[in-house]
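A short write-up of the structure that comes next.
The values are calculated or read from the model by the stated rules, or taken from the named source; none is laboratory data. The structure presented is a predicted model; accordingly, all values stated were derived computationally and were not measured. Positions of Cβ are generated from backbone atoms using ideal geometry, with glycine treated the same way; all protein chains shown enter the neighbour counts.
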């Protein structure tokens with residue numbers, strides 16, 4: 001199964017994996033799954049780290065990508081076009097882009113953010 005990790009899922013995976021549910025842990029450990037991280041998440045983490053809100057470096061991110069065997073999913077114009085019809089149920093612009101990307105790609109999102117479940121057609125794993 002192909003799935004997209006939300007930014008918070010990546011942070012939990014690196015800093016506090018005990019916060020994952022048993023289901024989420026099993027999904028992450030299943031080597032048959034294709035785990036992806038949005039380029040948007042990389043930007044979000046870099047911006048928050050620069051502001052002192054997260055303690056991540058570029059090296060930490062490279063290590064996380066390798067350790068978790070994550071593919072980076074580029075953010076495309078097609079993904080951005082999904083934002084035009086996306087209801088404003090979630091105010092965070094990073095999360096809205098991840099939601100649009102997942103809907104466009106028709107892949108589930110691993111997240112504990114309950115607001116993601118407000119979007120019709122978006123499958124949530126947690």
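Numbers at a glance
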quantity: Enumeration of residues in region 67-92 that are in a helix (DSSP H, G or I) and surrounded by 11 or more Cβ atoms within 10 Å (Cβ to Cβ); calculated: 78, 79, 80, 81, 82, 83
quantity: Selection from region 74-100 of residues that are within 20 Å of residue 24 (Cα to Cα) and in contact with a strand residue (DSSP E or B) (Cβ under 9 Å, 6 or more places away or on another chain); calculated: 98, 99
quantity: Hits in region 32-54 - residues which are within 15 Å of residue 15 (Cα to Cα) and in contact with a helix residue (DSSP H, G or I) (Cβ under 7 Å, 6 or more places away or on another chain); calculated: 45, 54
quantity: Hits in region 35-56 (condition: part of a helix (DSSP H, G or I), more than 19 Å from residue 125 (Cβ to Cβ) and touching a residue at least 12 places away in the same chain (Cβ under 8 Å)); calculated: 39, 42, 43, 44, 45, 46
quantity: Of residues in region 108-126 being under 11 Å from the mean Cα position of the chain (by Cα) and assigned to a loop (DSSP other than H, G, I, E, B), the one farthest from residue 86 (Cα to Cα); calculated: 112
quantity: Per-region count, region 104-117, residues over 25 Å from residue 61 (Cβ atoms) and surrounded by 12 or more Cβ atoms within 10 Å (Cβ to Cβ); calculated: 1
quantity: Boolean, residue 4 is surrounded by 20 or more Cβ atoms within 10 Å (Cβ to Cβ) and either over 29 Å from residue 120 (Cβ atoms) or modelled with pLDDT of 95 or more (or both); calculated: yes
quantity: Residue check, residue 59 without any contact (Cβ under 8 Å) to a residue 24 or more places away in the chain and either touching a helix residue (DSSP H, G or I) at 6+ places or on another chain (Cβ under 6 Å) or surrounded by 15 or more Cβ atoms within 10 Å (Cβ to Cβ) (or both); calculated: no
